[in-house]
Amino acid sequence: MCAISGILNHHSKDEASRIIRSMTTAQAHRGPDDEGFFVDDTVALGHRRLAVIDLETGQQPITRSGITAILNGEIYNYMDLRRELETIGHTFETRSDTEVLLHLYEQMGSEFLPLLSGMFAFAIYDRRKKRVLMARDRLGKKPFVYFLHQDSLIFSSELCGLKKHPNMNRELDINAVSDYLSLQYVPEPGTIYRKVRKLPPGYLLDFHLDGGAVSLRPYWHLSFAFKPQDLSFEDAVKGLRERVEKAVARRLVSDVPLGVFLSGGIDSAVIAGTAAKQLAPGRCSAFTVGFTNPRYDERSSAKITAEHINQLTGGNLVHHEEVISPGSLEQLSGLICQIGQPFADASILPTSMLCKFAKQHITVAVSGDGADELFCGYDRYIAMRILRSAGVLPQFIRQRLFGVLTPLLPDSGERTLTGRLRRLFRLLAGDSGSAYFDLLNRCPASLKRTLFGEALQNAVKWNSGNVFRRVEENLTAINREERCSELDIFTYLPGDVLAKVDTASMSCGLEVRSPFLDKEVVEFAASLPMEYKLCGMNRKRILKAAFSDVIPHELQDLPKRGFGVPVAKWLRTDWNKQAEDILFGSTLCPSGYINKKQLEHIWSCHCKGRGDWSYLLWSLLVFAIFLENERE
């Protein structure tokens, strides 16, 4: 795992050399082991290295025959590709996956991209053709941000690197602010900055140095439309198990210590159990963090899983656990500074703590990310199924019935029964056409009208629903719940889940690999009938069946809790004074972004227990920290 940066079509070699070093140094946390640079009269490239594969000869950038490459990530099938290249005459000087990219480009041009299996963002500079080819992995596991300035293109792994370039325009996109407050992240391919973009997952960016022409096109399409008619559930179970086991095996290749994340859920149990069996009789380290708050603590379930896996493998799983305390908000400020824009998924805090805990023992971790989206593990898919069943009632009846019931339930937080019922009743009372967005929306248009200050009054996307509608136009699934799953794969997964894991892990130089997001696993999951994934109220049906021996019986039917943080409580107790000082002592209100009177009302209601406003307050707290970082 690494960091990459580039300045394409620079106009001063000395200046470009100085800037590329500054951009690369700003991302040293991503690659603490080494740095490398390439600068000529047109292009400057920088690289920070976290040494995982080919420790002795894997330095970057790599140049061969007038072609230079830099890579962030891992190409899991690079040895297979290398062997194929060797059969047609290619010779290699290193054992690195980056050199394989050079040979593939030399052999096939940009057509090699569909052959890659891995998590990556890379750039290949061809001096003879005067072009730079850039690409990002299919699902957005590795980040890539860029901006255009006249005939130049400047890119980096993180915004903190990009900000070191003097020509970056830091004007905020007020529509992105509106989207952020609704979704708690800035959706792809935008950023909080009006002139800065993310390279979309599964896309290729081709930059021609003569004239600065840009070509952006996808190299991969995921389809949920094709469903094999003769695939029995039993054969599907066998096929899924084979694919996941192969995906795990590919991600256990490492020249440095490796382990697994272990929560109290099904996904991490599958990955940890599979990894431990494949590594046996060698040791497999597993890492768990928990809270003293029982609603958020999964240590007991993780312990059950670890004991069960050890029964299967003969005791080779070494389980480490640590208790998390609230601490201060300084860690949050550091993470926001690193990610470079507002990001309000509070689980980034325990994820960061888990990564730091694991980094004391290992350099590579394997996780269960992606299974919820692929196999319909979220409660919201069940909520959408209930909405479809309730569709037999006219909307005006549902609106009156559930509109009356919702206020009768106390707003005690989403991890309580009444909190879940309130959210479901709001869904059933609302507009079916925008139901899924409304279910996820943390700051509806009606609230924005009173909350937004003068600086945001001109935001054109008050309800932010266009974010989903743009993606929905290209969805291939027919079943409504499966369309929600497909939508999450292209919005929530890269915008929230993977961004969180990448930021948290790279903050301490830990590489995290996700077997469920293997190309073969993802495409197979998309081809499965919906009832194999969500059957009635049974979520992840096929995953549980495929790994019934690995998953402890006690976990099979546990409700999903997610890797959350007791933010509501901590804002009232441990973080109360700090949060209040940040919210009302920052430029959040004086700058005109937020109406101070409305914010004071919301803060008072939450602190006095008159409703749970933790999601919105946390988003505003993060935004306030971001604004303060921008002033520095």
(request) Return the long-range amide H neighbours of residue 289 (sequence gap of 5 or more, or a different chain), with a cut-off of under 5 Å between placed amide H atoms. (result) 322
(request) For the range 405-509, just say rounded, prolate or oblate: build the C-alpha gyration tensor, square-root its eigenvalues into a ≥ b ≥ c, call rounded for a/c under 1.5, and beyond that prolate if a/b exceeds b/c, oblate if not. (result) rounded
(request) Could you please state how large a percent of the accessible area of the chain is carbon and sulfur, counting protein chains only and using a 1.4 Å probe? (result) 50
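For the chain, what proportion of DSSP beta bridges, expressed in % and rounded to the nearest 5, is antiparallel? Could the numbers behind the result be given before it?
On the way: 58 of 75 bridges.
DSSP beta bridges in the chain are roughly 75 percent antiparallel.
Using alpha-carbon pairs under 8 Å, 6+ residues apart, how would you state the relative contact order of the range 55-125 in percent? Please report the intermediate quantities before stating the final value.
Details: 81 pairs, mean separation 34.0, N = 71.
Relative contact order comes out at 48 percent.
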(request) Using the Karplus curve 6.51 cos²θ - 1.76 cosθ + 1.60 with θ = phi - 60°, work out ³J(HN,Hα) for each residue of the range 208-217 in order, rounded to whole Hz, and write x for Gly and Pro. (result) 9, 5, 6, x, x, 5, 10, 10, 10, 8
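Can you work out D for the range 506-614 in µm² s⁻¹ from Stokes-Einstein, where Rh is the Kirkwood radius over C-alpha pairs, the temperature is 10 °C and the viscosity is 1.306 mPa s?
Working: Rh = 18.8 Å.
This corresponds to a translational diffusion coefficient of 84 µm²/s.
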(request) Apply the Karplus parameterisation 6.51 cos²θ - 1.76 cosθ + 1.60, with θ equal to phi minus 60°, to every residue of the range 98-108 and state each ³J(HN,Hα) to the nearest whole Hz, in sequence, with x for glycine and proline. (result) 5, 5, 4, 4, 4, 5, 4, 5, 4, 7, 10
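If you count the DSSP beta bridges with both ends in the range 259-401, what percent of them are antiparallel, to the nearest 5? Intermediate values should be presented prior to the final figure.
Working: 0 of 12 bridges.
Close to 0 percent.
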(message) Please list, by residue number, every one of the chymotrypsin sites (Phe, Trp or Tyr not before Pro) in the range 211-243 that is coil in DSSP and has at most 14 other beta-carbon atoms within 10 Å.
(response) 226
(request) Could you go through the range 303-310 in sequence order and give the Karplus-derived ³J(HN,Hα) for each residue, using 6.51 cos²θ - 1.76 cosθ + 1.60 with θ = phi - 60°, rounded to whole Hz, and x for Gly and Pro? (result) 5, 4, 5, 4, 5, 5, 5, 5
(request) Could you provide, to the nearest whole Å², the per residue accessible area of the range 395-524 with probe 1.4 Å? (result) 41
(request) Give me the distance between the Cα centres of the range 208-236 and the range 111-139, rounded to whole Å. (result) 16
(request) Determine the relative contact order of the range 228-298: mean sequence separation of Cα pairs under 8 Å and six or more apart, normalised by residue count, in whole percent. (result) 27
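Could you provide, to the nearest whole Å², the per residue accessible area of the range 134-209 with probe 1.4 Å?
Details: 2020 Å² over 76 residues.
Roughly 27 Å² per residue, with all protein chains present.
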(request) Quick one: which residues, 5 or more positions from residue 34 or on another chain, have an amide H under 5 Å from its amide H? H modelled 1.01 Å from N in the peptide plane, none for Pro or chain starts. (result) 49
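Could you grab the relative contact order for the chain? Cα pairs under 8 Å, six or more apart, rounded to a whole percent.
Working: 1169 pairs, mean separation 101.3, N = 632.
Averaging sequence separation for qualifying contacts and normalising by length gives 16 percent for the chain.
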(request) Find the centroid of the Cα atoms in the range 1-32 and in the range 519-544, then give the distance between the two in whole Å. (result) 43
(message) If DNA, RNA and ligands are ignored and the probe is 1.4 Å, what is the ranking of 130, 448, 544 by accessible area, most exposed first?
(response) 130, 544, 448
(message) Could you report the accessible area of residue 270 in Å², rounded to 10, computed with a 1.4 Å probe on the protein chains as they sit in the structure?
(response) 0
(request) Would you mind checking which residues have amide H under 5 Å from residue 76's amide H? H placed 1.01 Å from N; only 5 or more apart, or other chain. (result) 117, 118, 119
(message) With just the Cα atoms defining each centre, how far is the range 365-400 from the range 421-465? Give it in Å.
(response) 18
(request) Could you please put 361, 553, 10, 149 in sequence from largest to smallest accessible area, using a 1.4 Å probe? (result) 553, 361, 149, 10
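Given the rule -39500 (n - 2.57) for each run of at least 4 DSSP H residues, summed and divided by the residues of the chain, what is its mean residue ellipticity at 222 nm, to the nearest 500 deg cm²/dmol? Walk me through the numbers on the way to the answer.
On the way: 26 runs with 264 residues, N = 632.
Result for the chain, helices only: -12500 deg cm²/dmol.
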(request) Compute, for residue 431, the solvent-accessible surface of its heavy atoms (probe 1.4 Å) with the complete set of protein chains present, and express it in square angstrom to the nearest 10. (result) 80
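The values are calculated or read from the model by the stated rules, or taken from the named source; none is laboratory data. Since the structure is predicted, the reported quantities are computational estimates derived from the model, not experimental observations. We place every Cβ from the backbone using ideal geometry, glycine too, and count neighbours over all the protein chains shown. Keep in mind that these areas ignore ligands, DNA and RNA; they rest on the heavy atoms of the full protein, side chains included. Shrake-Rupley method; radii C 1.70, N 1.55, O 1.52, S 1.80 Å.
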